[in-house]
Amino acid sequence: MAKKTFRQAINETLFQEMRRDPRVIVMGEDVAGGQGGSGQIDAYGGPLGVTKGLIGEFGASRVIDTPITESAIMGAAAGAAVNGLRPVAELMFVDFFGVCFDQIYNQAAKFRYMFGGKAKTPLVIRTTIGAGFRAAAQHSQTLYPIFTHVPGLKVVIPSNAYDAKGLLTQAIRDDDPVIFCEHKLLYDTTADVPDDAYTIPFGEAEITRDGDDVAIVAFGRMAHFANEVADKLTKEKISVRVIDPRTTSPLDEDTIIEAVEDTGRLVIVDESPPRCSIARDIAGLVVEHAFGALKAPIAQVTCPHTPVPFAPPLEDLYIPSPAKIEAAVRKVMAYKG
Amino acid sequence: MSAIVPVRVPKWGLAMTEGKLTAWHKTVGDKVAKGEDLADIESSKIANVLEAPESGVLRRIVAHVDETLPVGALLGVIADMSASDSDLDAYVAEMKDKFAAEAAEAEAPLPDKINVHGQTIQYLKLAPADFEGGVPLVLIHGFGGDLNNWLFNQAELAKERAVYAFDLPGHGGSSKAVADPSLDGLTGVVAAAIRALGLSPVNVAGHSLGGALALNLALKYPELVNAVATICGAGYGSAVNRDYVNGYLAAARRKDLQPVAELLFTDKSLITRDMLDDMIKMKRLDGVEEALHAIAKAALDPVALVALRDRLDTIKAPILGLWGAKDEVILLPEIIGLPLTAHILPDAGHMAHMEAAGEVNKLIEAFLAEKD
């Protein structure tokens, strides 16, 4: 099996799904990759090189380079979806959701419900998330908790290239709106990715490390940090189970609760501010359904309740780190009622 | 013999790049016979016993337990007592780095693909370096498997002949669309692939469903087949455990697959999370689920398999039948009166070619050497 980057995995998925289904279209700012600049089409393959080559094979009618107006992109995509196309719309940075949220949460998310199941909205919104890119407070947030809050939206946070391909394929074939969150610092990570198409169902967590002493739940880039901590602590005979839920909506609650019942200790890692976060959401879930199994308070490793700092040392401090995760694991392990 | 023979980290399967030494069965100074258990090696996917490559005395142990080394790296040295200590030390010093570097540079053979009957068939060819002519061996995996199932067999059997491991339609790297999922349909594709590669006549060895296909190939295409070996083969009349087939079809997650995979092995510790992950990843590929359901229904149909058994006596090619005594997927059939040479491997389950690889390889090699 070939090693591919996260970026290649997404690009390959777009090619394969556009070939498989003529209803799949791509739209967004610069998705044609520099078209209109020097007149050269597909000069650099989109803002992060992810849509490279699509315009050449599928043409401008299926790879739609839009004006800089998120509200129009999402409105057009939602309308196209209810009318039979399967748009993959790009929101260049998730931080820009504010100007197009009506189209997403009050329109696309509710069509199926409000039309009594007669309308389908097979819409994928690909967006970039994450700090560490030195892009300041308005281009560095994660914000998946906001989309997870909305009934009718599915929310996907792939942590590696293999999952990215399988989950994006599933998202494009899904009949509901899906918010597909790509962490900017994962684009160059590699994994074994099959050439053939495959799907990974939503709501199925991946257990990336087996263990019985403590469980860590971590999403996206944080899953890598959690694995790193688990591997380190294994050498000290602390056996850490790592759960990457892969989707926050639907959430694989069973796998998380089972892990708490098996280990009695839980650390949740969430690269977002703590209030109304996925970490709090999972903590609430566990307290409600597995309180009796807990041997220590649940530890939450999140960002502080502040905007993402621009100063690099502060930005690094803002993001949950392997050291902070390790400290949280040690704390729950050391807890004596 | 006075030669110094290196004991090296084996390469079990395409994906193996390094191995962990988990135990030595011998200590320095012990006599070893060729084929005797020498050490335990673990890759990320599977653990197995490494057999002594030659008879002699284990004179040096270079790698210690729990050490992880690249494929090809030196583990120890076998020689007789005529080799001097200084010769051995010089040999170890020279070879230790040389082998590791050599192995890193060596290009692993990659699978190839051919088109037959509008379907793509993936195969892996391994052949001795100085190979000239001879009857090639074709390996056919079982239901839900792929050519990597022969990881402990193909390289070993390829010391004497060219060995081609196929991926069946709907499996591995072959087309996932299966035109005809019946025994005859799948056999037809195998026959067409053998013809397209210009191999016939061939020896053919099959595991489980692949065993039934090997027998059916000899029955329907006698001109293509020199000799047949089956390992825990279907097609001898005993039913296939539907708990296995249906459990495999239904499992979508590792934890659902674990109890199903346990039916395959006597030694359940051989099942690793990487092995289960690979199975789940294959099942997720577009078209695989449909293909497996269709094959389970058509090719593993008990009536079709009994019909095959009833015609075994018309097969002209000699047959070697190997069974694992602890097989939980295909129980030992009533073989009295069947026209074959049978061997029962006392400690093996359904994956006998993995669990008792050394024995299976020897039995197949001896059988083929006699029939060529």
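Phi angles of region A:200-207 translate, via the Karplus equation with coefficients 6.51, -1.76, 1.60 and θ = phi - 60°, into HN-Hα couplings of 10, x, 6, x, 10, 5, 9, 8 Hz per residue; Gly and Pro are given as x. The listed peptides A:200-207, A:176-183, B:304-311, ordered by packing as a protection proxy, come out as A:176-183, A:200-207, B:304-311 (highest mean of other Cβ atoms within 10 Å first).
Positive end of the dipole of chain A (Cβ unit charges, origin at the Cα centre): among A:Ile68, A:Gly49, A:Gly166, the Cα lying farthest that way belongs to A:Ile68.
The spread of Cα positions in chain B, taken along each principal axis and listed from longest to shortest, comes to 66, 45, 39 Å. Amide H contacts for A:Ser272 (H built 1.01 Å from N in the peptide plane; partners 5 or more residues away or on another chain; cut-off under 5 Å): A:Cys303.
Report relative contact order for region B:112-371 in percent, whole number only (criteria: Cα-Cα under 8 Å, sequence separation at least 6). In percent, rounded to a whole number, it is 20. Can you find, among B:Ala252, B:Ile315, B:Gly287, the residue farthest towards the positive end of the dipole of region B:242-363? Put +1 on the C-beta of Lys and Arg, -1 on that of Asp and Glu. Of B:Ala252, B:Ile315, B:Gly287, it is B:Gly287.
Determine the distance separating the Cα centre of region A:120-188 from the Cα centre of region B:1-78; give it in Å without decimals. Value for the Cα centre distance between the two parts: 47 Å. Enter the angle in degrees (range 0 to 90, nearest 10) between the Cα long axis of helix A:322-334 and the first principal axis of the Cα atoms of chain A, meaning the one along which they spread out most. Result, in degrees: 40. When the Gaussian network model of chain B links Cα atoms closer than 10 Å, the mean-square fluctuations of B:Leu58, B:Leu217, B:Leu209 top out at B:Leu58.
Helix A:278-290: angle to the longest alpha-carbon principal axis of chain A, degrees 0 to 90, nearest 10? Computed tilt is about 50 degrees. Averaged over peptide A:198-208, the number of partner chain Cβ atoms lying within 10 Å of each residue's Cβ comes to 3.
Close amide-amide hydrogen proximity is noted between B:Leu168 and B:His141, each under 5 Å apart and 5 or more residues distant or on a separate chain (H modeled in the peptide plane; Pro and chain starts excluded). Ranking A:Leu186, A:Ser140, A:Ile243 by Cα position along the charge dipole of region A:100-247, where only Lys, Arg, Asp and Glu carry charges on their C-beta atoms, puts A:Ser140 farthest toward the positive end. For the protein assembly as shown, the extents of the C-alpha atoms along the principal axes are 78, 58, 58 Å, listed from largest to smallest. Here each label is just a point 7 Å from Cα along the line to Cβ, and for A:Asp175 and A:Phe133 those points are 3.4 nm apart. Mean projected area of the convex hull spanned by the Cα atoms of chain A, taken over all viewing directions: 17.5 nm². For chain B, the longest principal axis of the alpha carbon atoms and the long axis of helix B:273-284 meet at an angle near 30°. Given +1 at the Cβ of Lys and Arg, -1 at the Cβ of Asp and Glu and no other charges, the dipole of region A:226-323 around its Cα centre is 340 debye to the nearest 20. Amide hydrogen proximity for B:Glu18: with H placed 1.01 Å from N in the peptide plane, the residues at 5 or more positions away or on another chain lying under 5 Å are B:Val71. The trypsin sites (Lys or Arg not before Pro) found in region A:177-260 that occupy coil by DSSP, while having at most 14 further C-beta atoms within 10 Å, are A:Lys235, A:Lys237. Note on region A:51-143: with charges restricted to the Cβ of Lys and Arg (+1) and Asp and Glu (-1), its dipole about the Cα centre is near 380 debye. Per-residue accessible area (protein heavy atoms, 1.4 Å probe) orders A:Thr148, A:Thr169 as A:Thr148, A:Thr169, starting from the largest. The GluC sites (Glu not before Pro) of region B:128-214 meeting both criteria, a DSSP state outside H, G, I, E and B (loop) and at most 13 other C-beta atoms within 10 angstrom of the site's C-beta, are B:Glu132.
Computed from point charges on the beta carbon alone (+1 for Lys and Arg, -1 for Asp and Glu), the dipole magnitude for the protein assembly as shown about its Cα centre is near 1420 Debye. What the phi angles of region A:55-62 give under the Karplus curve with 6.51, -1.76 and 1.60, with θ = phi - 60°, is a coupling list of 4, x, 7, 9, x, 6, 6, 10 Hz, glycine and proline written as x. Taking a point 7 Å from the Cα of B:Lys297 along the Cα-to-Cβ direction, the residues of region B:235-276 with backbone N closer than 18 Å to it are B:242-243, B:245-251. Rolling a 1.4 Å probe over the protein heavy atoms of the protein assembly as shown, with every protein chain left in place, gives an accessible area that is 54 percent carbon and sulfur. The DSSP beta bridges internal to region A:206-334 are antiparallel in roughly 20% of cases.
Of the peptides A:153-164, B:245-256, the ranking by mean beta-carbon count within 10 Å, highest at the top, reads A:153-164, B:245-256.
When shorter helices are ignored and each DSSP H run of at least 4 residues is given -39500 (n - 2.57), the per-residue value for the protein assembly as shown at 222 nm works out to -9500 deg cm²/dmol. In region A:239-336, one over the average inverse separation of all distinct C-alpha pairs is 14.2 Å, which is the Kirkwood hydrodynamic radius.
With an a/c value of 1.5 or above and a/b not larger than b/c for the gyration tensor axes a ≥ b ≥ c computed over the alpha-carbon atoms, region B:5-105 is described as oblate. Neighbouring Cβ atoms from other chains, within 10 Å of the Cβ of residues in B:274-282, number 2 on average. Model label sites at B:Gln258 and B:Glu94, defined 7 Å from Cα along the beta-carbon direction, differ in position by 5.0 nm.
Projected label points at B:Glu289 and A:Leu285, each 7 Å from Cα along the beta carbon direction, are separated by 2.2 nanometres. If you look at the Cα atoms of region A:3-192, you get an Rg and a Dmax of 15.4, 48 Å.
Backbone phi angles across region B:11-18, fed through the Karplus curve with coefficients 6.51, -1.76 and 1.60 (θ = phi - 60°), yield HN-Hα couplings of 10, 9, x, 4, 8, 6, 10, 8 Hz in residue order; Gly and Pro are listed as x. The calculated FRET efficiency for the pair A:Cys276 and B:Asn246, based on their C-beta separation and a Förster distance of 35 Å, comes to about 0.20.
The values are calculated or read from the model by the stated rules, or taken from the named source; none is laboratory data. In this text, all values refer to a predicted model and were calculated from it rather than measured experimentally. Because the Cβ atoms are built from the backbone with ideal geometry, glycine has one as well, and the counts that use them run over all protein chains shown. Just so you know, the surface numbers come from the protein's heavy atoms only, side chains and all, with ligands and any DNA or RNA stripped out. Shrake-Rupley method; radii C 1.70, N 1.55, O 1.52, S 1.80 Å.
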